[in-house]
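Written below as structure tokens is the structure these notes are about.
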Amino acid sequence: MMSRTTTVMSSSDGNCGHWIVRHRICLTCKKKVSHLEEDRAFNYLFSGLCLTNEAMPFTKRLVTLITIYDHKKLHLVLDLDHTLINSVSVSNLSQAEKYLIDEERSGKWENLGKYEDRLIKSRPFLQEFLEEASKLFNMHVYTKGSSGYAQAVVKMIDPNKTYFGGRVISRRESPYNKTLDLVLADERGTVIVDDTVEVWPHHQKNLLQIRRYLYFKHDCINKKSYAERRRDESRSSKGGLANVLKFLKLVHNGFFSCGVGEDLESKDVRSLINGPFKLYGC
Ligand SMILES: [Zn+2]
């Protein structure tokens, strides 16, 4: 499969489909391409990168084959808000939460940051989760937040770009529903972790639903927030990150259990997850 498609891709006999274009220059035939009829921009990976619909399945498949065979990893797409972090506008802090403004300024809390007028609190177990998950998965962030917000949060939780590199998809690239079409990886090898199912209308079978992380009062109705009680989610909480990590390890084990010599066609995380899969009770 790989060699056949590579032959097609290297063709420059005038019938080039201009499948992969960067800054309007076709990477195969080097010609200038004025307009791509149906294309998808992958600016978040490389500036000016565009793939046609024909190029997408091939490229996604190739990326996943390399990830699986060379690195024995799958792909993981992580939501930000209520999954890895909780954030709130300072003006929406309750009276009993305002001590956090000084705490953030003091810089004493590694898990508390600020972007414009928002306080950002990372979920307990986050750094351990990222470190362990990155050994088994090539990781992306996918958020409905703005690009500036997404970049600021990722800088806080992954300051050295160890875990996500440039793989951050925000509202700028994805203004409507979330879709794996924007993730350069085969859907057979991609797991999604998100607290919201509805935003993934076409990829729910890949989805692992995590319990919503609610730290601030603004998101908690009829009860005191963790911030008000000066407590936090238990690291072993059912539906929390440690619990999700255990499940991700099972998925990874299941995928690779019959060895990596078999064709990708016979493997699919969707048959292991059968999502949307909820890791906690009602
Ligand atoms: Zn071309």
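The values are calculated or read from the model by the stated rules, or taken from the named source; none is laboratory data. Source: prediction; values computed, not measured. Here Cβ is always computed from backbone atoms with ideal geometry, including for glycine, and neighbour counts include all displayed protein chains. These accessible areas exclude ligands, DNA and RNA; they are computed on the full protein's heavy atoms, side chains included. Shrake-Rupley method; radii C 1.70, N 1.55, O 1.52, S 1.80 Å.
At pLDDT 95 or above and under 15 Å from the mean Cα position of the chain (by Cα): does that describe residue 182? Talk me through it step by step, then tell me what you get.
Numbers: at pLDDT 95 or above: no; under 15 Å from the mean Cα position of the chain (by Cα): yes.
Answer is no for this residue.
Quick one: in the range 20-41, of everything that is modelled with pLDDT of 85 or more, assigned to a loop (DSSP other than H, G, I, E, B) and of a type in the set (A, V, I, L, M, F, W, C), which residue is farthest from residue 174 (Cα to Cα)?
Filtering the range 20-41 for residues modelled with pLDDT of 85 or more gives 20-33.
Subsequent filtering for residues that are assigned to a loop (DSSP other than H, G, I, E, B) retains 23-24, 27-31, 33.
Filter once more, keeping what is of a type in the set (A, V, I, L, M, F, W, C): 27, 29, 33.
Working: 27: 25, 29: 29, 33: 24 Å.
That would be 29.
Exactly one of these conditions fails for residue 26: (1) over 21 Å from residue 138 (Cβ atoms); (2) open to solvent by 10 Å² or more (accessible area, probe 1.4 Å); (3) out of contact with any strand residue (DSSP E or B) (no Cβ under 6 Å at 6 or more places or on another chain). Give me its number.
Condition (2) is where residue 26 drops out.
What are the residues in the range 95-129 that are free of Cβ contacts under 8 Å to residues at least 60 places away in the same chain, farther than 25 Å from residue 238 by Cβ and touching a strand residue (DSSP E or B) at 6+ places or on another chain (Cβ under 7 Å), if any?
103, 104, 113, 114, 117, 118
Would you confirm whether or not the range 242-256 contains a residue that is more than 17 Å from the chain's Cα centre (by Cα), not aliphatic (A, V, I, L, M) and not in a helix (DSSP H, G or I)?
no
Output yes when any residue across the range 55-66 is assigned to a helix (DSSP H, G or I), within 12 Å of the ligand (Cβ to nearest atom) and either at pLDDT below 85 or open to solvent by less than 20 Å² (accessible area, probe 1.4 Å) (or both), and no when none is. Lay out the reasoning, then the answer.
Step one: filter the range 55-66 for residues assigned to a helix (DSSP H, G or I), giving 55-66.
Next, from what is left, pick out any that are within 12 Å of the ligand (Cβ to nearest atom): 55.
Then drop every residue that is not either at pLDDT below 85 or open to solvent by less than 20 Å² (accessible area, probe 1.4 Å) (or both), which leaves 55.
Yes, some residue in the range 55-66 is assigned to a helix (DSSP H, G or I), within 12 Å of the ligand (Cβ to nearest atom) and either at pLDDT below 85 or open to solvent by less than 20 Å² (accessible area, probe 1.4 Å) (or both).
Please enumerate the residues belonging to the range 209-233 that are open to solvent by 50 Å² or more (accessible area, probe 1.4 Å) and of a type in the set (S, T, N, Q).
If the condition is that a residue be open to solvent by 50 Å² or more (accessible area, probe 1.4 Å) and of a type in the set (S, T, N, Q), then 222 is the only one that fits.
Conditions tested, residue by residue: (1) touching a Gly at 6+ places or on another chain (Cβ under 6 Å); (2) more than 30 Å from residue 67 (Cα to Cα); (3) surrounded by fewer than 18 Cβ atoms within 10 Å (Cβ to Cβ).
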| site | (1), (2), (3) |
| --- | --- |
| 111 | no, yes, yes |
| 118 | no, yes, yes |
| 124 | no, no, no |
| 134 | no, no, yes |
| 137 | no, no, no |
| 147 | no, no, yes |
| 151 | no, no, yes |
| 158 | no, no, no |
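Does residue 155 satisfy the condition of being over 12 Å from the mean Cα position of the chain (by Cα), free of Cβ contacts under 8 Å to residues at least 24 places away in the same chain and in the same structural domain as residue 240 (by TED's automatic domain parsing)? Give the derivation first.
Working: over 12 Å from the mean Cα position of the chain (by Cα): yes; free of Cβ contacts under 8 Å to residues at least 24 places away in the same chain: yes; in the same structural domain as residue 240 (by TED's automatic domain parsing): yes.
Yes; evaluated as a whole, the condition is true for this residue.
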